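A short write-up of the structure that comes next.
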Amino acid sequence: MNIKQGVVAPLFLAAATFSAAASELNVTVEIPKMSVAEYHKPYLAVWIEDSQNQVVSNLAVWYDEDMRNGEGEKWLKDMRQWWRRTGRTLTMPVDGVTGATRGPGQHALQFTLGQAPLQSLAAGDYQLRVEAAREVGGRELLNIPFSWPQQAAVTLKASGNSELGDIALTINP
């Protein structure tokens, strides 16, 4: 065995062990299919707040970022809670957080602790917040309280009534 093989193998093994042991937060967001005359995909924000209602991390913001002259940004304030808590202080788009609106269906988001947008999550009580607002539609906000860290895998759920369907937060410690 040469020196390169002797160094690379342990590094590869350490990287594989780290990634297998990394804590994850997985969020599933359902956007319901609606039978309406004029349907627009909703703007959506997903974020985490601490027990003092302070924003810890923005996880996702879906909006029409391709509109000419940043026109899509002016509708972000329709997600009132997100806008008041953190949105108005952000310069859009936010790398790794913002993305295009999505249509009806299940949408999965996966986050690894220690990587953006979860650089660190201290032990404590939190809430996952998901807010959606739709042009010629309504607005809806769901909260899922959770504690960090968890000793075992857990899935927590909330269900919307109009703009959001089922929301699930799965924590893999």
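We did not get these values from a lab; they are worked out from the coordinates using the rules stated. Since this is a predicted model, take the numbers as computed values, not measurements. We place every Cβ from the backbone using ideal geometry, glycine too, and count neighbours over all the protein chains shown.
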Let a ≥ b ≥ c be the square roots of the eigenvalues of the Cα gyration tensor of region 84-164; is it rounded (a/c under 1.5), or, if not, prolate (a/b larger than b/c) or oblate?
-> oblate
For the chain, what is the charge dipole size about the Cα centre, in debye to the nearest 20, if Lys and Arg each add +1 at the Cβ and Asp and Glu each add -1 at the Cβ?
-> 140 debye
Would you give the gap between the C-alpha center of region 110-145 and the C-alpha center of region 56-85, rounded to a whole Å?
-> 14 Å
When the dipole is taken about the Cα centre of region 39-131, and only Lys, Arg (+1) and Asp, Glu (-1) are charged at their Cβ, what size is it in debye, to the nearest 20?
-> 220 debye
Per-residue ellipticity at 222 nm attributable to helices in the chain (runs of n ≥ 4 DSSP H, -39500 (n - 2.57) apiece, nearest 500 deg cm²/dmol) works out to -4500 deg cm²/dmol
Here are several values of Rg and Dmax of the Cα atoms in Å: [x] 18.2, 63; [y] 23.7, 86; [z] 18.7, 69. Which one was derived from the coordinates shown?
-> [z]
Would you work out the relative contact order for region 23-172, in percent, from Cα pairs under 8 angstrom that are 6 or more residues apart?
-> 34 percent
